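The values are calculated or read from the model by the stated rules, or taken from the named source; none is laboratory data. This structure is a prediction, so every number in the text was calculated from the model and none was measured. In this analysis, Cβ positions are derived from the backbone assuming ideal geometry, glycine residues included, and neighbour counts consider all displayed protein chains. Side chains included, ligands, DNA and RNA excluded: accessible areas come from the protein's heavy atoms. Shrake-Rupley method; radii C 1.70, N 1.55, O 1.52, S 1.80 Å.
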Amino acid sequence: MLEDEVKTVTTITKGLLENGYDVEYAHDGEQGLSMIHANHYDLIITDILMPKVDGFEVCQKVREKNKSVPILILSALGLTEDKLKGFELGSDDYLVKPFDFKELLARVKALLKRSTEEVAVVNLIEYEGLTLNIDTKEVFSNSNPIQLTAKEFHLLEYFMLHKEILLTKEQIIEHVWGLDFDPGTNILEVYISYVRNKISHDNAVKYIQTRKGIGYIFKSH
């Protein structure tokens, strides 16, 4: 955990230890990155506003070396722009301060569960020219690599695991963004556009199709 507020560190550490989790923490981003590069962690929780290196840069640097470790941003910055930036740089979830510890715990459990399931499930998903590797977090369109952020990858993965099935917006948001996500934002639409553009760049197929008033379906025809 990367957090410079002593009270927050104490509260989260106590709660996670009581629930059976081991916790190591750093009080600034520079120290945190050093620990992350030297050790293996199942989950990273990071603040944004920290001394030396902020949480956004932490996400970016972690993702340069490790595309699979779950990252949860915990920050007082709650604007949609802040969340989008966090997701773009590689975070898997975003919780705004102040928060209820029960909600934090639920998100920690969900991220760890999803991470474990992704390893246990089939490692390679292929569909009509697209290939998604769950282990390496790589995506290819007709053998050409596609660069996706962590959140874009999770969105595409969810679609490919549920190909040719009509999914509601609520289903997609709950799985990709987690609990209590603000339905008033247009983040889903923004990310649908991002992924569409990237996977269709050298492929004529329009995979993600809109079903007005309902949701989306992933299919090649």
Positive dipole terminus of the chain, leading residue within L33, G15, L167 (C-beta point charges): L167
How large, in percent, is the carbon and sulfur part of the accessible surface of the chain at a probe radius of 1.4 Å? 52 percent
With all protein chains in place and a 1.4 Å probe, D82 shows an accessible area in Å² (nearest 10) of 30 Å²
Given labels modelled 7 Å from the Cα in the Cβ direction, how far is it in nm from S193 to S143? 3.4 nm
Using Cα pairs closer than 8 Å and at least 6 residues apart in sequence, work out the relative contact order for the chain, in percent. 14 percent
Report the FRET efficiency, 1/(1 + (r/R0)^6), for V205 and L112, where r is their Cβ-Cβ distance and R0 is 35 Å, rounded to 0.05. 0.55
Student exercise, the range 68-109 dipole from Lys, Arg, Asp, Glu Cβ charges, in Debye to nearest 20: 140 debye
Nearest 0.05, what FRET efficiency do H37 and I214 give at R0 = 45 Å with Cβ-Cβ as r? 0.50
Checking rank on 104-112, 152-160, with mean other Cβ inside 10 Å and highest first, the result is 152-160, 104-112
Mean separation of Cα pairs under 8 Å and 6+ residues apart, divided by the residue count of the range 38-81: what relative contact order is that in percent? 52 percent
Antiparallel DSSP beta bridges within the chain, as percent of all bridges there, nearest 5: 65 percent
In Å², rounded to a whole number, the accessible area per residue of the chain with probe 1.4 Å is 51 Å²
With +1 on the Cβ of every Lys and Arg and -1 on the Cβ of every Asp and Glu, the dipole magnitude of the range 1-138 about its Cα centre, in debye rounded to the nearest 20, is 200 debye
Roughly what angle does helix 6-18 make with the longest principal axis of the chain, taking Cα atoms, 0 to 90 degrees, to the nearest 10? 70 degrees
Taking 7 Å along the Cα-to-C-beta vector as the label spot, tell me the K65-E81 distance in nanometres, rounded to one decimal. 3.1 nm
Helix axis angle, 29-38 relative to the chain longest principal axis, alpha carbon, degrees: 70 degrees
